[in-house]
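To start, the structure itself, in structure tokens.
The values are calculated or read from the model by the stated rules, or taken from the named source; none is laboratory data. Remember, it's a predicted structure, so these values are computed and weren't measured experimentally. Note that we place each Cβ from the backbone using ideal geometry, even for glycine, and neighbour counts take in every protein chain shown. For the accessible areas, the whole protein counts, side chains as well, though only heavy atoms, and no ligand, DNA or RNA atoms are used. Shrake-Rupley method; radii C 1.70, N 1.55, O 1.52, S 1.80 Å.
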Amino acid sequence: MSMVKVIEVIAQSDKSFDAAAQAAVTEAAKTIRDIQQVYVKDMNAKVENGKITQFRVTAKISFLLSD
């Protein structure tokens, strides 16, 4: 029987929400194997002088636990 663990992370990018989600997966993949899915739970952005300067996501990353 396979078991899946879910962690919640926050990541950001100065490019886009997509890039922030990719940053979350890329960083998690440095220490976690067998990532199966990412679920973007929340998105928000930092605004300075009327312009978006940071895109942020709160994401749940699912991965298989090793035997």
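Only residues that are of a type outside the set (S, T, N, Q) and in contact with a helix residue (DSSP H, G or I) (Cβ under 9 Å, 6 or more places away or on another chain): list them for segment 28-67, please.
I35, V38, V40, M43, A45, F55, R56, V57, A59, I61, F63
Please enumerate the residues belonging to segment 35-67 that are open to solvent by 60 Å² or more (accessible area, probe 1.4 Å), of a type in the set (S, T, Y) and more than 17 Å from V6 (Cα to Cα).
If the condition is that a residue be open to solvent by 60 Å² or more (accessible area, probe 1.4 Å), of a type in the set (S, T, Y) and more than 17 Å from V6 (Cα to Cα), then no residue fits.
Can you give me the number of residues within segment 30-62 that are without any contact (Cβ under 8 Å) to a residue 40 or more places away in the chain and either on the phi < 0 side of the Ramachandran plot or in contact with a strand residue (DSSP E or B) (Cβ under 7 Å, 6 or more places away or on another chain) (or both)?
Selection size over segment 30-62: 22.
Would you mind finding the one in V25, V6 that is out of contact with any helix residue (DSSP H, G or I) (no Cβ under 9 Å at 6 or more places or on another chain), surrounded by fewer than 15 Cβ atoms within 10 Å (Cβ to Cβ) and modelled with pLDDT of 95 or more?
Details: V25 fails: surrounded by fewer than 15 Cβ atoms within 10 Å (Cβ to Cβ).
Step by step, each of V25, V6 is checked, and only V6 is out of contact with any helix residue (DSSP H, G or I) (no Cβ under 9 Å at 6 or more places or on another chain), surrounded by fewer than 15 Cβ atoms within 10 Å (Cβ to Cβ) and modelled with pLDDT of 95 or more.
Which of (1) assigned to a helix (DSSP H, G or I); (2) out of contact with any Lys or Arg (no Cβ under 8 Å at 6 or more places or on another chain); (3) surrounded by 14 or more Cβ atoms within 10 Å (Cβ to Cβ) does I32 not meet, given it meets every other one?
(1)
Determine whether E8 is assigned to a helix (DSSP H, G or I) and among the charged types (D, E, K, R). Break it down stepwise before answering.
Details: assigned to a helix (DSSP H, G or I): no; among the charged types (D, E, K, R): yes.
The answer is no for E8.
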